[in-house]
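Here the structure is laid out as structure tokens; the discussion comes afterwards.
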Amino acid sequence: MKQAVIAPSMIDLLYPLKDELEGYSREEFENDIVDECEKDIRQAFDAGAERVSVDFTEGRLATRNDPRNPWTGAGMLPHFIELNNRVMERFSPEQRANIGIHTCPGGDRDSVHSADVPYNDLLPHMFQINAGYFLIQLASEREKDPVYESIGKNRRDDANGVSQMAYIGVVNPGNPRVESAQEICDALVRAADFIPKESLGATDDCGFSPFSIDEKPNHGSPDYAREVAFQKVGNRVEGARMAAEKLGVS
């Protein structure tokens with residue numbers, strides 16, 4: 001079982017961008033949110049989770065300059081990386097092998113917030129987080145090879161004692177078309193031209209059911225979306241098996 005938790009960098013956006021709250025400094029606030037993220041992760045493991053993923057959807061958005069969101073132009077990405085690493089340093093390499101980072105351009109109700117922002121503005125920074133694995137939305141990307149190349153270039157064999165795995169998105173929950181197992185296999189084999197095959201895995205893009213109200217405009221109804229989701233996940237498992245056999249990995 002895998003459990004997702006919110007990144008401290010996302011919670012950091014609750015604090016005023018420029019002003020300081022009387023009686024509660026930014027430093028105190030950030031100490032508190034790092035403590036709480038650590039607690040979230042430990043409690044998830046204690047409850048039986050095999051892996052815990054930290055949701056870092058704000059990472060890609062932080063690389064754009066959007067006048068509607070002043071923080072996006074404030075150069076906050078390096079600080080986001082620092083905050084997340086403050087959490088990671090509280091866990092051993094053996095524990096961090098099962099702690100991951102999720103990145104995407106959004107996936108709520110089949111919509112995105114930063115798909116037009118180049119992924120490669122984020123990835124070199126993101127892999128500086130000392131997590132053991134990364135879940136990277138990729139099936140919905142128009143140009144995949146440059147992203148595969150950046151992943152291969154920036155993932156680390158030694159991230160403070162842990163070798164980083166890259167799980168690439170091979171199915172798109174925002175599109176009701178079901179990807180075939182062969183399509184998924186082909187995507188993984190192509191990715192292995194850029195990413196070491198022993199450090200490569202498959203995942204889903206985000207958007208199957210992000211919140212309690214599962215509205216999927218592109219699908220027409222939640223029931224149909226659910227049926228499609230199971231087909232996509234089944235093909236992802238089979239496509240990954242086919243790719244592993246073709247690449248000679250277990």
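Nothing in this text is a laboratory measurement; each read-out follows from the coordinates by a stated rule. Just so it is clear, the structure is predicted and the values come from calculations on it, not from any experiment. Note that each Cβ is placed from the backbone with ideal geometry, even for glycine, and that neighbours are counted across all protein chains shown.
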Kindly rank 4-10, 194-200, 167-173 from highest to lowest mean number of other beta carbons found within 10 Å of each residue. 167-173, 4-10, 194-200
At 7 Å along the Cα-to-beta-carbon direction for both N65 and S250, put a label point, then send me their distance in nm to one decimal. 5.2 nm
If one takes the longest principal axis of the Cα atoms in the chain, at what angle in degrees, from 0 to 90 and to the nearest 10, does the Cα axis of helix 145-154 lie? 50 degrees
Leaving out same-chain residues fewer than 8 places away, which lysines sit with a Cα under 24 Å from that of K2? K39, K197, K216, K232
Between N98 and residues 5 or more places away or on another chain, the pairs with built amide H atoms under 5 Å apart involve none
Placed amide H near G201: partners under 5 Å, 5+ positions off or other chain: A166, Y167, I168
To the nearest 10 degrees, how steep is helix 222-247 against the longest Cα principal axis of the chain, on a 0 to 90 scale? 70 degrees
If Lys and Arg each add +1 and Asp and Glu each add -1, what is the summed charge of the other residues whose beta carbon sits under 15 Å from the beta carbon of K246? -3
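Set the Förster distance to 22 Å, then compute FRET efficiency between K39 and H79 from the Cβ-Cβ distance, nearest 0.05.
Values: r = 21 Å, r/R0 = 0.97.
After rounding, the FRET efficiency stands at 0.55.
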Where does the chain land at 222 nm, in deg cm²/dmol rounded to the nearest 500, when only DSSP H runs of n ≥ 4 count, each adding -39500 (n - 2.57), divided by all residues? -11500 deg cm²/dmol
Working from Cα positions, state the angle (0 to 90°, nearest 10) between the long axis of helix 181-191 and the longest principal axis of the chain. 60 degrees
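Sort 58-65, 149-156, 74-81, 25-32 by the packing proxy (mean of other Cβ within 10 Å over each peptide's residues), most packed first. Show your work: numbers first, answer last.
Numbers: 58-65: 20.8, 149-156: 18.2, 74-81: 16.2, 25-32: 13.2.
Descending mean neighbour count gives 58-65, 149-156, 74-81, 25-32.
List the relative contact order of the chain as a percent without decimals, with contacts defined as Cα pairs under 8 Å and 6+ residues apart.
Values: 421 pairs, mean separation 41.4, N = 250.
Relative contact order here is 17 percent.
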Quick one: 3J(HN,Hα) in Hz for region 87-98, Karplus 6.51/-1.76/1.60 with θ = phi - 60°, rounded, Gly and Pro as x. 6, 4, 5, 8, 10, 6, x, 5, 6, 5, 4, 10
Under a 5 Å amide H to amide H cut-off, with H placed in plane at 1.01 Å, what residues pair with A4 once short-range neighbours are removed? S53
Under 16 Å Cα to Cα from K246, which aspartates and glutamates show up? Leave out anything in the same chain fewer than 8 places away. E183, D186, D193, E198, E238
